[in-house]
1. Please arrange D28, D67, D86 by how many other C-beta atoms lie within 10 Å of their C-beta, fewest to most.
2. Residue-wise, which Karplus ³J(HN,Hα) couplings in Hz belong to region 32-40, taking 6.51 cos²θ - 1.76 cosθ + 1.60, θ = phi - 60°, and x for glycine or proline?
3. Just for the Cα atoms in region 24-118, what are the lengths along the principal axes, largest first, rounded to whole Å?
Amino acid sequence: MKFYTCLTVIGLFLLMCLSSCQKEKVCDVTNPIKDLPWLKEIKKNGYIYPKGMYRSIQQCTYNNGIDGFYIEACINCQNNVAFLFDCDGTVLVDLQGVTNWNSFLEEWNIKNLELIWTNVK
């Protein structure tokens with residue numbers, strides 16, 4: 001009896017571990033950089049600015065939990081440039097030349113920023 005109880009406990013423990021290791025989906029995919037063609041293209045070739053510019057891609061939520069991507073297209077340029085994209089690759093906000101980033105973050109309720117790719121070393 002103890003043997004079966006022990007096996008049951010071990011089995012439940014393994015099941016909990018495996019289920020906690022599953023990645024959360026963003027925009028209905030587990031790896032947006034590889035699974036969203038438009039995002040993969042931005043990673044490879046940049047967006048508006050040339051391929052060699054420093055840039056970063058962050059997944060985020062906006063407007064109370066909608067998945068999106070905050071992309072800094074030209075880090076360390078004279079004017080920082082960033083964009084907010086939805087899951088389909090539509091630009092929701094173009095922040096070229098914007099100086100008050102905090103009002104943008106508040107207006108769109110940008111939360112849960114998580115860096116998923118950068119070429120800054």
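The numbers here are math on the coordinates, done by the rules we state, and not lab data. These numbers were taken from a predicted model, which means no experiment stands behind them. All Cβ positions, even for glycine, are placed from backbone atoms using ideal geometry, and neighbour counts span all protein chains on display.
1. D28, D86, D67
2. x, 4, 8, 9, 9, x, 5, 6, 4
3. The Cα atoms of region 24-118 stretch 36, 30, 19 Å along their principal axes.
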